[in-house]
């Protein structure tokens, strides 16, 4: 299976986009420290290191929806995703999609939501392996005390994304809802 790769500019920096015929499998910050390891994991999952720096139709859908997100008009993404990781990672990433726009959860709350309140470190590790930023909103997971902790794109980008979502959510107060 071929991995198609492109780069797009966003208000939070240049993003690397990867797509297969099954869907988007990569949308991450170009200069993220772990981008090479995530890309290698994707190649391993595809069983090939064949890629083309070329356009794929799934990228049109991604670009449209990401532009709407940054304009504040899109609260949920509806595009085909091709999740490549362990079963546990996929479970965590699918759980992240359930955190509502403009809200946050702690790692502890996310672990409980996934059915294993003691798996906080494992959940945090899987969040860190998420290679589909913003669309799989790992930026919505924060420390138990409400602090911004760990984000592959860097804490300033995490803060920017959370502020952007809160501003466009229509909520009068930012809540930590489980």
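The values are calculated or read from the model by the stated rules, or taken from the named source; none is laboratory data. Quick caveat: nothing in here was measured; it's all calculated off a predicted structure. Virtual Cβ from ideal backbone geometry, glycine too; neighbours counted across all protein chains shown.
Here residue 166 meets each of (1) farther than 21 Å from residue 79 by Cα; (2) free of Cβ contacts under 8 Å to residues at least 60 places away in the same chain; (3) outside any loop (DSSP other than H, G, I, E, B) with one exception, condition (2). For residue 126, are the conditions met, namely being in the same structural domain as residue 162 (by TED's automatic domain parsing), touching a residue at least 12 places away in the same chain (Cβ under 8 Å), assigned to a helix (DSSP H, G or I) and buried (at least 20 other Cβ atoms within 10 Å of the Cβ)? Criteria met by residue 126. Being over 16 Å from residue 137 (Cα atoms), at pLDDT 95 or above and outside the structural domain of residue 133 (by TED's automatic domain parsing) holds for only one residue in 44, 22, and it is 22.
Against the test of being surrounded by 17 or more Cβ atoms within 10 Å (Cβ to Cβ), in contact with a strand residue (DSSP E or B) (Cβ under 6 Å, 6 or more places away or on another chain) and more than 23 Å from residue 45 (Cβ to Cβ), the options 142, 120 yield a single qualifying residue, 142. Among the residues of the range 149-165, the one identified as in contact with a helix residue (DSSP H, G or I) (Cβ under 6 Å, 6 or more places away or on another chain) and closer than 14 Å to residue 34 by Cβ is 151. Starting from residues that are over 19 Å from residue 16 (Cα atoms) and touching a strand residue (DSSP E or B) at 6+ places or on another chain (Cβ under 8 Å), keep the ones in the range 145-162 and report whichever is surrounded by the fewest Cβ atoms within 10 Å (Cβ to Cβ). The residue in question is 146.
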